[in-house]
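Encoded as structure tokens, the structure appears first; notes follow it.
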Amino acid sequence: MSEFSSKCREYIKNTGETVYQLSASSGLDRTSLQRMITGKRLPGTDFVRQFCDSIRINPAQRQELMELYKIEKIGKEVYYNRKYIQELLRVISSQQAFSQTAFRRLPALPFYRGEFSFDVEKKVLSLFEDILLSSSEEQIRTNIPAGCRLLVQIFAHLYPQYHKLPPVIQVLPLLQNPKTSPDCNMNLDTFLCTLLPILSGFQNYQPYYYYTRFGREDLQFELYPFFFITEKRLLLLSSDMMTFIFTDNPEVVRSYNQEFQRILNNSRRLFQQSDSPEQILNIFGAIFQSKATTNFALESHPCLALMSYGPEFIQALFTHRDVDLCSPVYTQLSAIMKQPQFTFTANETSCNYFTLDGLRKLADTGLFNGPYSYHQTPLPKSVRQKALQHLLDTDMGNQKCRILKPSILSETGIHLEILSDYSVFLCFLSEKDTFLCVYLKETSIGQALDDYLCSLTEEDAVYTQKEARQILLGLLDGLSS
């Protein structure tokens, strides 16, 4: 019997009713109820919601029961992957991770957890601070777990005071086959926790990954498995982060650095990152030159290719922008948008999600959010009308465009694409008009993101085709007045 079935049985017992009595009072089918509480058959979502309405439980209990139902329906791995991704998108879409002050927020984010002693925190802080005060170029090398709150706590403490951090190299394990491990969410969890410092602007942070068959729980039986190494010092931490051993013995430090280098040589960077517009466009252009097509895209506004009512639309995007039309950035972006692949039609299952607020902003002001807003001046009303009318005439790009409901994502400043080879392209424009992009190629992480975006159409997360048409008609009426 599953946790869901057991909880349903417990709640029915708490009402003091039998299955027969509950069926009679609620109108729920008695056979379906019996099969649900015995774990023989999982009912539909509407049945479970009606069940919750009938057994007099509070909102917290209802939420717990619905979570257990989803876990039973889609599996624990998929459920928690989707939950992690939803939280990540909310964090980065609200630009909580795009500014220097974001370092202060990092420790409070739900991706980071774990306890550590005050003595351990004080010693690690001292190690970082000594390097900053000495103005040396020393690196800090560590294998501390990705989700440990200790490292981001140090970031948050030091960055506001020094406006910089020492270069940090972190080596992290990824599971070769997460589906067969009790720690099935480890790969995605690790990626999210190493992505956020980068999105907060820490360019000196370099995570490296190696593959293993063992999960994180195995480390709890090892003696002082975690370390921080500099050129002259070594700090070892216990598995519970409560005690440490410190040494500056040159031979010991040298031995650890040599062993770290061996591990580093057998690890690799899984993603490219850049804050250069030219390099970002090179990465983006290389994607379109490959055979990979787009499975899903997420941004603030409809895909530019699906709004393109003709060559003059692309020209209008740049004609009314305050940019140097001879600049490399303009030349590269213009060339990419004119490629045949930039049509969002190569993959018949592709889907472009965008937010209602982003669509309204485009209609009302002619302005985009995210990377496309770089040095933008408003698009003329006539261009907006033609672009939205083209969306309407083509049935939202043959239903490739989907408007997200605000409960899922109210706004976003990112451009996210999941490709057919499960690579991931993420780009955004920060509050100081600086670009940042991450391009990741790791199948299990790409598959998790692909699954999450695919699930949005199943979870009542997007407006229906009829509702989307009404939204577009309303915006067009506003532009006509």
Bin width 5 Å, alpha-carbon pairs only: give the P(r) of the range 89-191 as whole percents, running from 0 to the bin holding the largest distance. 2, 11, 18, 21, 20, 14, 8, 4, 1, 0
Sorted from largest down, give the three principal axis spans of the alpha carbons of the range 202-254, whole angstrom values. 33, 31, 20
Write down the Å³ per residue value for the convex hull defined by the alpha carbon atoms of the range 134-272. 121 Å³
Mean shadow area of the range 1-68, taken as a quarter of the surface of its Cα convex hull (nm²): 3.9 nm²
What FRET efficiency comes out for the pair Arg469/Ser373, r = Cβ-Cβ distance, R0 = 30 Å, nearest 0.05? 0.65
Protection proxy (average C-beta count within 10 Å per residue), highest first, orders 186-196, 416-426 as 186-196, 416-426
Tell me, what does the Kirkwood hydrodynamic radius of the chain come to in angstroms if you use every pair of distinct C-alpha atoms? 25.2 Å
Run the Debye formula on the Cα coordinates of the range 28-148, all scatterers equal and no solvent, and tell me log10 I(q)/I(0) at q = 0.11, 0.14 1/Å. -0.65, -0.84
Run a plain Debye calculation on the range 363-403 (Cα atoms as equal point scatterers, no solvent) and give log10 I(q)/I(0) at q = 0.18, 0.23, 0.27, 0.33 Å⁻¹, rounded to two decimals, same order as the q list. -0.60, -0.85, -0.95, -1.01
Per residue, how much accessible area does the range 177-323 have with a 1.4 Å probe, in Å²? 48 Å²
For the range 136-191, what is the per residue volume of the convex hull drawn over the alpha-carbon atoms, in cubic angstrom? 85 Å³
When the dipole is taken about the Cα centre of the range 245-297, and only Lys, Arg (+1) and Asp, Glu (-1) are charged at their Cβ, what size is it in debye, to the nearest 20? 300 debye
Report relative contact order for the chain in percent, whole number only (criteria: Cα-Cα under 8 Å, sequence separation at least 6). 14 percent
Might you report the magnitude of the Cβ-based charge dipole of the range 354-430 about its Cα centre, with Lys and Arg at +1 and Asp and Glu at -1, to the nearest 20 debye? 260 debye
If the chain between Lys441 and Ile74 were fully extended at 0.36 nm per residue, the gain over the current Cα-Cα distance would be 129.6 nm
Within the accessible area of the chain, what % is carbon and sulfur when the probe is 1.4 Å and the other protein chains stay in place? 49 percent
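The values are calculated or read from the model by the stated rules, or taken from the named source; none is laboratory data. Bear in mind the structure is a predicted one, so any value in this text is a computation, not a measurement. Here the Cβ is made from the backbone with ideal geometry for all residues, glycine too, and neighbour counts use every protein chain on show. Ligands, DNA and RNA are stripped out before the accessible areas are found, and what is left, the full protein with its side chains, is counted by its heavy atoms. Shrake-Rupley method; radii C 1.70, N 1.55, O 1.52, S 1.80 Å.
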